[in-house]
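Undergrad: Below is the structure I would like to discuss, written out as structure tokens.
The values are calculated or read from the model by the stated rules, or taken from the named source; none is laboratory data. These figures come from a predicted structure and were not determined experimentally. Cβ coordinates were reconstructed from backbone atoms using ideal geometry, including for glycine residues, and neighbour counts include every protein chain displayed. Heads up: the accessible areas ignore ligands, DNA and RNA and are worked out on the full protein's heavy atoms, side chains in. Shrake-Rupley method; radii C 1.70, N 1.55, O 1.52, S 1.80 Å.
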Amino acid sequence: AKASGQKGYAFFETSMNSDAHEQMQIARELRVASARGELTLHYQPKFDAPNGPVIGAEALLRWSHPTLGMILPGHFIPIAEKTGLIVPIGEWVLDEACRQMRAWHDAGHPQWTIAVNLSAVQFGHDGLIELVRGTLARHALAPRFLTLEITESTAMSDVEASLATLQQLKDMGVNISIDDFGTGYSSLLYLKRLPATELKIDKGFVRDLAIGTEDAAIVSAIVALGQTLNLKIVAEGVETAAQKAFLTRIGCDSLQGFMLGEPMPAKEFIEAVAQDPAS
Ligand code: C2E
Ligand code: CA
Ligand code: CA
Ligand code: CA
């Protein structure tokens, strides 16, 4: 499925070096795609460390293109951000993810939480607070069941504005996760002021843990820092038993990764979890 974005049109090859014309073409297709219902969400389970149960899911956007197959967000989100299309798409993602979590609560998993990724463009958009409040209300979902993931660089891009927006979300009772943590340049002073509830260690650090690099020391330092600031620590990109053992030993609260569960359609997600005795 991962290769499916590569077989067709040149304009999907990379979003970084494609010219303006190609980007407009993708934007045009994307607008049609969302109207036709070609956007879908996959859900990746998040596990209590070390051995479960499942405590929730992260919603990850997919484009099921009629001829190209499944296209991953790296191929189209940068263009959706540039053109502003990410705002309506992001509204749909939030609505659909909350709708799904309401259904799972009703189906016997009333403690699960849903994590939704927010791009910098959405984060800076005026209507965000009301959008979140309205969406939660529409699905009768209490705010504590929603986690909004923003990257460290998004949170850093306009510090004072970010702090105000995050504080409003936190006051509402929504969880705030700082995604890709360790890849930005947060000062510790700033991190201390951030009204976050969770740090998500970037998978780039997790990947190289086993080969005895400095990454083990960096990850240990991130975990210690997060614990000092009373934040939950999540590790993403867990692919091996050795990574899982290390991350658990240094005190990560929860784990995500291909080894534990890949992103999958809602129907497969619930079937996979039903077979897991810990959940
Ligand atoms: P992210 O938020 O850091 O999401 C984690 C990415 O790592 C996902 O890629 C996921 O499929 C992948 N992943 C999960 N476990 C493993 C593992 O064990 N090993 C490796 N190598 N990768 C793993 P995906 O789904 O392609 O998403 C890429 C990025 O696109 C996301 O990174 C996020 O920044 C963005 N994105 C996805 N969905 C949305 C969305 O609905 N809205 C916005 N604004 N951004 C989204
Ligand atoms: Ca994320
Ligand atoms: Ca991440
Ligand atoms: Ca990432």
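Undergrad: Among the residues of the range 225-239, is any open to solvent by 40 Å² or more (accessible area, probe 1.4 Å) and within 16 Å of ligand 2 (Cβ to nearest atom)?
TA: The initial filter retains those residues of the range 225-239 that are open to solvent by 40 Å² or more (accessible area, probe 1.4 Å), namely 225, 227-230, 232, 239.
Pick out the ones that are also within 16 Å of ligand 2 (Cβ to nearest atom) and you get 232.
Yes, the range 225-239 has at least one match.
Undergrad: Same structure again: Being small (Gly, Ala, Ser) and within 16 Å of ligand 4 (Cβ to nearest atom), is that true of even one residue in the range 203-221? Please lay out each step first, then the result.
TA: If we filter the range 203-221 for residues that are small (Gly, Ala, Ser), which is where we start, we get 204, 210, 212, 216-217, 220-221.
With within 16 Å of ligand 4 (Cβ to nearest atom) added as a condition, the list becomes 204.
Yes - at least one qualifying residue is present in the range 203-221.
Undergrad: I'd like to verify a number: residues in the range 205-224 that are open to solvent by less than 20 Å² (accessible area, probe 1.4 Å) and of a type in the set (Gly, Ala, Ser), how many?
TA: The number of residues fulfilling the criteria is 0.
Undergrad: Is there any pair linking a residue in the range 92-116 that is farther than 22 Å from Val234 by Cβ to one that is modelled with pLDDT under 95 and not β-branched (Val, Ile, Thr), with Cβ under 7 Å and at least six apart or on different chains, and which?
TA: Short answer, once both residue conditions are applied: Trp92/Ser34.
Undergrad: Also, quick follow-up: Tell me which helices (runs of 4 or more DSSP H) are completely within the range 128-227 and hold 1 or more residues being at pLDDT below 95 and of a type in the set (Asp, Glu), or say none if there are none.
TA: Values: elements: 128-138, 152-157, 159-172, 188-193, 203-207.
The qualifying helices (runs of 4 or more DSSP H) are 152-157, 159-172.
Undergrad: Can you tell me which condition Gly257 does not meet? The list is (1) modelled with pLDDT under 95; (2) within 16 Å of ligand 4 (Cβ to nearest atom); (3) crowded, with 19+ Cβ neighbours inside 10 Å, and all the others hold.
TA: Failed condition: (1).
Undergrad: Further, regarding this structure: Go through the range 110-162 and give me each residue that's touching a Ser or Thr at 6+ places or on another chain (Cβ under 6 Å), open to solvent by less than 40 Å² (accessible area, probe 1.4 Å) and farther than 20 Å from Gly226 by Cβ.
TA: Scanning the range 110-162 gives Phe123, Phe145.
Undergrad: While we're on this one: Going by the structure shown, is Phe145 more than 16 Å from ligand 1 (Cβ to nearest atom) and hydrophobic (A, V, I, L, M, F, W, C)?
TA: Working: more than 16 Å from ligand 1 (Cβ to nearest atom): yes; hydrophobic (A, V, I, L, M, F, W, C): yes.
Taking the combined requirement at face value, the residue satisfies it.
Undergrad: Which residue out of Asp180, Asp215 is on the phi > 0 side of the Ramachandran plot and within 16 Å of ligand 1 (Cβ to nearest atom)? Walk me through it before giving the result.
TA: Working: Asp215 fails: on the phi > 0 side of the Ramachandran plot.
Answer to the check: Asp180.
Undergrad: Can you tell me which residue is farthest from Leu60 (Cα to Cα) among those in the range 179-195 that are within 16 Å of ligand 2 (Cβ to nearest atom) and either out of contact with any helix residue (DSSP H, G or I) (no Cβ under 8 Å at 6 or more places or on another chain) or in contact (Cβ under 8 Å) with a residue 40 or more places away in the chain (or both)? Can you show your working first?
TA: In the first step, residues of the range 179-195 are kept if they are within 16 Å of ligand 2 (Cβ to nearest atom); the result is 179-184.
Applying the additional criterion that residues be either out of contact with any helix residue (DSSP H, G or I) (no Cβ under 8 Å at 6 or more places or on another chain) or in contact (Cβ under 8 Å) with a residue 40 or more places away in the chain (or both) yields 179, 181-182.
Numbers: Asp179: 13, Phe181: 18, Gly182: 21 Å.
Per the stated criteria, the residue is Gly182.
Undergrad: A further question follows. On the given criteria, is Lys200 open to solvent by less than 30 Å² (accessible area, probe 1.4 Å) and among the basic types (Lys, Arg)? Steps first, answer last, please.
TA: Details: open to solvent by less than 30 Å² (accessible area, probe 1.4 Å): yes; among the basic types (Lys, Arg): yes.
So Lys200 passes the test.
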